[in-house]
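Just below is one structure, and these are the notes that go with it.
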Amino acid sequence: RQGVVVITGASSGLGLAAAKALSETGKWHVVMACRDFLKASKAAKSAGMATGSYTVMHLDLASLDSVRQFVEHFRRTGMPLDALVCNAAIYRPTASTPTFTADGVEMSVGVNHLGHFLLARLLMDDLKSSDYPSRRLVIVGSITGNDNTLAGNVPPKADLGDLRGLAGGLSGSSSGSAMIDGSASFDGAKAYKDSKVCNMLTMQEFHRRYHEETGITFASLYPGCIATTGLFREHVPLFRALFPAFQRFITKGFVSEAESGKRLAQVVAEPSLTKSGVYWSWNKDSASFENQLSKEASDPEKARKVWELSEKLVGLA
Ligand code: NDP
């Protein structure tokens, strides 16, 4: 039978390109889990995805109620779940004041990490009961959260500190910080990088807790710098104008949306990429390899603490 994959944030960029790549194989039905139903439908059509090869379903990761509703709605369709891709993200690189989810949590970590954490935890039961030969949970990471790389050393660097802000609920109120490390001032660029570290830690903690028992493959990846996606929409205009050329000619890290989509599709479907607990990257010849994570992004103690604090914040503990 066809595999069924749920991809969050499939209305643009990497998520859309991966949705297209997987649906074109004819082996996958893609559930596009998106906050803007109309935008996602239009995006699928203009990308040329064949009618019947995908289903658009509403999911707003900035609301834990919406995450729970999505899971119920998905189950009611009767479709099995063979792969889940946590891809959606927001990036507010120039923001010096926080915005908040429906649950009152700082938006970058709320959407990129906590919404996905709840979604993946709830959908574990569905992945477990699938009879598909290779079931996978993929959480999109990033180089920017890895301070063992050049890009990860551009300040402000990711640093979760002792997690006191996360423990306080990222409420940004007079008594609580909106930053994971508890710092008093808000930095949107750092909040994004911190959220990506949480994504990579979460993937590894899933692997430790569930891989042996379930056989599910847990993986993360850095798809390359896709300098043309909507992720940079909130950046200053000069940055947006120059960044693609900078990546293409100076760092040579530039990757097209189509190529990045193929990479993510490989992590979902390639028979050779079944190893669990891996953070995949691609070399200049577009060959995949197991990459090293930074010290913080591979710290098992931190991963356990992030998991436990996140459980409390999403109402699982
Ligand atoms: P885009 O901005 O193009 O795509 C992000 C997607 O997330 C959009 O579909 C967006 O929906 C969706 N989204 C945002 N907020 C929510 C929400 N509250 N609920 C549901 N969906 C939401 O960016 P990219 O394609 O570049 O980013 C995709 C992933 O790739 C992210 O995880 C990012 O961290 C990662 N990444 C990107 C890199 C790059 O260079 N671009 C490099 C490394 C990693 P909408 O269309 O409605 O806005």
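Nothing in this text is a laboratory measurement; each read-out follows from the coordinates by a stated rule. Everything numeric here is computed off the predicted structure, so don't read it as measured data. Every residue, glycine among them, receives a Cβ derived from its backbone with ideal geometry; neighbour counts consider all protein chains shown.
Remarks
- From the largest down, segment 1-61 spans 29, 21, 19 angstrom on the principal axes of its Cα atoms.
- Helical segments meeting 27 Å axial Cα length and Kyte-Doolittle -1.0 threshold in the chain (DSSP H): none
- Segment 128-196: C-alpha pair distances exceeding 13 Å, %: 67
- Counting charges near residue 40 (Lys, Arg +1; Asp, Glu -1) among other residues having Cβ under 14 Å from its Cβ returns a value of +3.
- Using the average count of surrounding beta-carbon atoms within 10 Å as a protection proxy, the listed peptides 246-253, 70-77 rank, highest first, as 70-77, 246-253.
- Listed residues 60, 299, 159, most fluctuating in the chain (Gaussian network, C-alpha, under 10 Å): 299
- Each Lys or Arg adds one and each Asp or Glu takes one away; over the other residues whose Cβ falls under 12 Å from the Cβ of residue 202, this sums to +4.
- Summed residue charge, Cβ within 13 Å of residue 168's Cβ, Lys/Arg positive, Asp/Glu negative: -1
- GNM flexibility winner over the chain from 267, 140, 255 (Cα, springs under 10 Å): 255
- A simple spin-label model places the labels of residue 246 and residue 69 3.9 nm from each other, with each point 7 Å out along Cα-to-Cβ.
- Spatially proximal aspartates and glutamates relative to residue 45 (Cα-Cα < 19 Å; intrachain offsets below 8 disregarded): 24, 36, 257
- Between 296, 106, 212, the GNM of the chain built on Cα springs shorter than 10 angstrom shows 212 fluctuating the most.
- Relative pair counts by distance (%), Cα atoms of segment 10-168, 5 Å bins: 2, 8, 15, 19, 20, 15, 11, 7, 3, 0
- Ranked list, fewest to most other Cβ atoms within 10 Å of each Cβ, for 202, 25, 55: 25, 55, 202
- Whole-number percent relative contact order across segment 159-243, with pairs defined as alpha carbons under 8 Å at least 6 apart: 15
- Where labels lie 7 Å past Cα in the beta-carbon direction, separation of residue 128 and residue 45 in nm: 4.1
- Taking the centroid of alpha carbons for each part, segment 254-302 and segment 32-92 are 23 Å apart.
- Stokes-Einstein D (µm²/s) once Rh is taken as the Kirkwood radius of segment 175-276 over alpha-carbon pairs, at 4 °C in 1.567 mPa s: 79
- Each peptide in 107-114, 173-180, 90-97, 235-242 receives the mean, over its residues, of other Cβ atoms within 10 Å, and ordering these scores from highest gives 107-114, 173-180, 90-97, 235-242.
- Compactness of the chain was expressed as the Cα radius of gyration divided by 2.2 N^0.38 Å, which yields 0.92.
- Relative contact order of the chain: 20 percent, from C-alpha pairs under 8 Å at least 6 residues apart in sequence.
- Length gained when the stretch residue 154-residue 94 is fully extended (0.36 nm per residue, less Cα-Cα span): 20.2 nm
- Measuring nothing but how far apart in sequence close Cα pairs (under 8 Å, 6+ apart) lie, relative to its length, segment 1-88 scores a relative contact order of 38 percent.
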